[in-house]
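Here the structure is laid out as structure tokens; the discussion comes afterwards.
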Amino acid sequence: MIRASFLRLVAIPLGWALATAVALAPLHAEDQAPTLGAANYDKVAKLVRGYFGFFEKEEFNKANKELIKLLDETGKLAKSAKIAEPLVAVDDWREIMRRGLMVEKPTVNISWRVDLRRADVPSPIDLSADEKELAGAFDNKLKAFVSVPTDYAKVAYPVIIGLHPMDDEVKAAKNLTKSKAIEEKVKAWATATYSKELLAKAIVICPIMDLAIRGSDNVSFSRPRWDSDEGALWIFRSFSEIISKNANFDLRRIYIDGHGSGASAALLLCARFPGAQTGAIVRGTPPQRIDFGNCLGAPVLFVGADSKEFHDTWKGNDGFVLEHHDALDDATLLAWMAAHPKEFAPKKVVIETQDLRCAAGYWLKVSGEDPTLEKLSVKINAVVDREKNEVTVVTNEKVLRFEIYLNDALLDLDKPIRVLHRLVPDAKPADGAEAEGAKETERFNGTVKRVMEQTLDWAWFPPFSNTGEFYVAMIAVELG
């Protein structure tokens, strides 16, 4: 049975085909995946949207009534479709949640088509206190050039998040490049990069980096690089606030396209936040230092001579989806996106990072680390065996707690699930003997419950890093 439990809801949602395609391909088409019926998506999504709306306004009684309606309606649909549990229909719920996270009234009115025009939303970083000092240099808005195909409301097109090249700038406020000049430069770059032919077959959004952050000297300001915390916030918030809330798009095809200095950031974001996007297009020099193993399974397209050596170094490694072209035309890019959709439920996830905030990828998350081991990176990798209905997780001694997020695309939740753990310490014994604890131990063996309200909570404010996916249960494992 689906049961409801009250959890907090915090509002920051993240959550193509060629022009002839109109729907996402089911993940397990060969298995005839269970479905509530595509004709019911909007009806269920409306209830989901209503639930989110009441929670955002903290009208909890009304939200609970909407939840009851949702449970009742999906129960009826499941019964009619001869499905024991509504949340088993994974492909349906991905699309239902996408529609449910769209706002009733557009927050950005994208009235134009096949044309890069400016859209803006309030800045997620409040610099109103510096408004006078930054006059002309930053207006407290997150701006982006946006284009959508003519028929995007009916056809789910891929999304390209274009990162324009930028130069480092650390100056007094009065000497900063004016926002208007940056905007004009980005518009010229975006127009030259994305042709009308491409804009007809993809949603393109190019955030404008005119944000100005006060330096530690309390005098100078700087424009954040794309690979900084502020840069990542600018990128992902532009997508969530302008595209995700307001537009129909393909959940399986969201690519960060980095040019020049943005090329390094595109690849770094794939490594730091695996699953937050489908993959990357790298049109410049890759970063010198990167935990590229985290990009396992994510499609990456390298373009030009500057990225060939990096591509050639990694292309032979198992599990990597890499491609290189000396130059890139529209047809090649469109064909590559069509051929490389996101795998929402990869069988293997690898995470290595020195920042616990980035220790999440797809269905796996490290939620606790040993603070005394400051010099060690967090290392964890996990493999799903669907036939055995189990997950094997390997960690180093830095990891104290991890979480596995579950749905029926990953494992059969109607059956008992096993979680096995193996410790492989970074500090090897001097005599080469097997380290204590390196043997496999069982950490969980049992069943889980699908929880509708928990699923809604995680869709609204994801604790995982897997844009477009939804989960119905979680297993937490304590190692300390």
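The values are calculated or read from the model by the stated rules, or taken from the named source; none is laboratory data. Here the structure is a predicted model, which is why all the values come from computation and not from measurement. Note that we place each Cβ from the backbone using ideal geometry, even for glycine, and neighbour counts take in every protein chain shown. Side chains are part of the model used for accessible areas, which takes the heavy atoms of the whole protein and leaves out ligands, DNA and RNA. Shrake-Rupley method; radii C 1.70, N 1.55, O 1.52, S 1.80 Å.
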Where only C-alpha atoms are counted, convex hull volume of region 148-234 per residue in Å³: 104
Contact order normalised by residue count of region 327-469, Cα under 8 Å, 6+ apart, percent: 21
Projected label distance in nm at residue 478 and residue 117, using a 7 Å step from Cα toward the beta-carbon: 5.7
Trypsin sites (Lys or Arg not before Pro) lying in DSSP loop within region 249-298, provided at most 16 other Cβ fall within 10 Å: 289
In region 129-234, the trypsin sites (Lys or Arg not before Pro) that fall in loop regions by DSSP, at most 12 other Cβ within 10 Å: 132, 154
Leading residue at positive end of dipole, the chain (Cβ point charges), from 173, 60, 300: 60
Kirkwood Rh (inverse of mean 1/r, distinct Cα pairs), region 48-94, angstrom: 11.4
FRET efficiency, 1/(1 + (r/R0)^6) with R0 45 Å, evaluated for residue 383 and residue 326 via beta carbons: 0.80
Share of carbon and sulfur in the accessible heavy-atom surface of region 52-189 [1.4 Å probe, %]: 50
Percent carbon-and-sulfur accessible area, region 345-480, ignoring ligands, DNA and RNA, probe 1.4 Å: 48
Electrostatic dipole magnitude of region 233-373 [Cβ: Lys, Arg +1; Asp, Glu -1; Cα centre; debye, to 20]: 440
Full-stretch length increase - residue 424, residue 32 - with 0.36 nm per residue and alpha-carbon distance subtracted: 137.2 nm
Bridge type composition, the chain - antiparallel percent by DSSP, nearest 5: 60
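Can you give the direction-averaged projected area of the convex hull of the alpha-carbon atoms in region 391-480, in nm²?
Working: hull surface 27.2 nm².
Mean projected area of the Cα convex hull: 6.8 nm².
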Proximal lysine pairs, region 354-480, alpha carbons under 27 Å, eight or more residues apart or interchain: 23
Translational diffusion of region 30-156, µm² s⁻¹ [Kirkwood Rh, Cα pairs; Stokes-Einstein; 4 °C; 1.567 mPa s]: 72
Dipole magnitude (debye, nearest 20) for the chain, charges at Cβ of Lys, Arg, Asp, Glu: 1320
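Distances over 28 Å make up what percent of all Cα-Cα pairs in region 204-338?
Value for region 204-338 (Cα pairs over 28 Å): 19 percent.
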Per residue, in Å², the accessible surface of the chain once ligands and nucleic acids are set aside, probe 1.4 Å: 45
Cleavage-rule hits, trypsin sites (Lys or Arg not before Pro), region 385-424, DSSP coil, Cβ neighbours within 10 Å at most 11: none
16 Å cut-off, amide nitrogen to a point 7 angstrom out along residue 174 Cα→Cβ, residues in region 205-226: 219-221
Average Cα contact separation per residue, region 39-182, under 8 Å, 6 or more apart, as relative contact order %: 20
Among 444, 459, 77 - extreme Cα towards positive end, dipole of the chain, charges at beta-carbon: 77
Quotient of Cα Rg and 2.2 N^0.38 Å for region 298-339, N being how many residues it contains: 1.15
Calculated on alpha-carbon atoms, Rg and Dmax of region 96-219 in Å: 16.6, 51
FRET efficiency, 1/(1 + (r/R0)^6) with R0 56 Å, evaluated for residue 192 and residue 441 via beta carbons: 0.45
Among 331, 153, 366 the positive-end extreme of the charge dipole of the chain (Cβ point charges): 153
Cβ-placed point charges (K, R +1; D, E -1), dipole of region 164-296 about Cα centre in debye, nearest 20: 240
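Starting from the coordinates of the alpha-carbon atoms of region 171-214, obtain the Kirkwood hydrodynamic radius over all distinct pairs and give the value in Å to one decimal.
Numbers: mean 1/r = 0.0820 Å⁻¹.
When all Cα pairs of region 171-214 are included, the Kirkwood radius is 12.2 Å.
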Principal axis box of the chain, alpha-carbon based, largest edge first, Å: 64, 62, 46
All aspartates and glutamates inside 15 Å of residue 141 as judged from Cα atoms, apart from same-chain residues fewer than 8 positions distant: 120, 126, 130, 131, 183, 210, 230, 241
